[in-house]
Amino acid sequence: MSRFWSQLVHQLTPYVPGEQPKIADLIKLNTNESPYGPSPKVLEAIHKATNDSLRLYPDPQGLELKKALANYCNLDAENIFVGNGSDEVLALSFQAFFRQQTQPLLFPDITYSFYPVYCQLYEVEYQQIPLDEGLNLQLKDYNQPNGGIIFPNPNAPTGKALPLSDIRQLLTNNPDSVVMVDEAYVDFGTESAACLVKEFPNLLVTQTFSKSWALAGLRVGFAVGSPELIEGLNRVKDSFNSYPLDRLALAGAQAALEDLDYYRKLCQQIIDSREELTRQLEELGFQVEPSKANFVFARTPDGVDATQLTAQLREKALLVRHFSKPRIDQYLRITLGTQEQNQKLVQTLKNLLQT
Ligand SMILES: *Cc1c(COP(=O)(O)O)cnc(C)c1O
């Protein structure tokens with residue numbers, strides 16, 4: 001607390017990201033990063049961009065990247081917005097579309113925990129809609145007066161995905177609200193809603209280079225939506241930071257989009273290892289949610305406390321994520337690592353559960 005802070009700052013409860021500790025030989029399965037490095041072509045492009053031109057500001061619109069993304073999404077550059085990680089794109093969207101609504105913004109009770117933080121920061125009223133008993137998002141529960149709707153698909157931290165038909169129905173039922181689909185994990189086996197953008201001017205889809213593209217350190221995210229929504233985002237962005245993406249980030253993300261084969265291979269490796277880890281955890285007595293993400297969400301076996309197990313794993317230099325939240329406090333969220341890392345985890349769990 002400080003007398004120098006604005007009133008609002010006193011009231012903030014900031015988001016706490018998964019830790020990035022400096023422990024030797026750490027196996028880091030706590031923040032859904034890629035266990036594999038980015039495409040060599042990305043590194044080459046970043047090296048090439050590291051030159052005298054760094055004295056110049058980057059393109060404030062990131063037009064070349066937008067064009068590449070438009071091509072990737074089968075849309076036009078006017079349908080694309082780029083930002084410093086999708087977290088920034090989300091933050092700007094909350095400002096642009098959800099402030100000063102007469103009805104609350106709706107999102108799930110168990111979801112990405114940044115959403116309520118943005119609501120605090122931008123003073124957005126919100127209402128959390130409980131997932132059902134089986135931790136499924138039931139979009140029919142969102143058919144009520146609202147000032148907007150946001151959810152991840154697949155949801156985090158459950159990893160469960162909704163079919164496109166459900167999202168289409170939600171959009172049809174809510175023509176006057178902005179509906180945001182946060183597709184941070186879409187590339188691991190879910191159909192993107194980006195194809196609905198031409199049909200629904202109220203739909204905004206966000207994606208990120210942090211997970212499937214193995215570029216969390218570069219900080220690049222994007223949104224696709226109608227020119228109307230994109231213009232709204234541009235207005236907020238240009239009232240805040242003209243250059244959210246630096247030259248190296250622009251070059252790296254563009255190069256990533258030119259190496260789709262590499263990225264598809266990474267995604268497939270994750271998907272394959274997901275099935276294997278799920279089966280192995282189930283053999284150890286975990287109850288594993290069917291995941292469409294690069295992580296699994298697993299309830300610990302009966303009598304095994306998840307907080308304690310997380311701490312025991314940490315002692316063995318294995319980091320996983322645990323949320324001390326009602327309904328999910330006996331679950332671990334485990335990012336899929338390399339084959340070798342996943343096997344190390346399974347072996348360590350086996351040893352811990354036997355003693
Ligand atoms: C990881 C994540 C993001 C943000 O990713 P950035 O690194 O900021 O692009 C957004 N939404 C969800 C649900 C995530 O898990």
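Read-outs throughout are calculated quantities, based only on the coordinates presented, and are distinct from any laboratory measurement. Note that the structure is predicted; figures quoted are calculated from it, not measured. Counting neighbours? That spans all protein chains shown, and the Cβs are built from the backbone with ideal geometry, glycine included.
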Using the 10 angstrom Cβ neighbour count as an exposure proxy, how do Phe107, Phe114 rank, fewest first?
Phe114, Phe107
proj_area_mean for the range 1-78 (convex hull on C-alpha atoms), units nm², value 10.9 nm²
Around Cys119: net Lys/Arg minus Asp/Glu count, Cβ-Cβ under 15 Å:
-4
What residues qualify as long-range amide H neighbours of Ala156, i.e. H under 5 Å apart, gap of 5 or more or another chain, H built at 1.01 Å from N?
Tyr112
Name the long-range amide H neighbours of Ala184: under 5 Å, sequence gap of 5 or more, or other chain; modelled H, no Pro or chain starts.
Asn153
GNM of the chain, Cα pairs under 10 angstrom: of Thr50, Thr206, Thr310, the biggest fluctuation goes to Thr50
So what J values fall out for the range 274-283 if you push phi through Karplus, 6.51 cos²θ - 1.76 cosθ + 1.60 with θ = phi - 60°, rounded to Hz, Gly and Pro as x?
5, 5, 5, 5, 4, 4, 5, 5, 4, 4
Around Ser39, with a cut-off of 12 angstrom between Cβ atoms, what is the net charge of the other residues, counting Lys and Arg +1 and Asp and Glu -1?
-1
Counting lysine pairs in the range 40-258 that sit 8 or more positions apart or on different chains, with Cα atoms under 29 Å apart, gives 20
Expressed in angstrom and rounded, the centroid-to-centroid distance over alpha carbons for the range 165-180 and the range 183-245 is 17 Å
For a quick check: sort Lys67, Lys350 by the number of other beta carbons within 10 angstrom, fewest at the front.
Lys350, Lys67
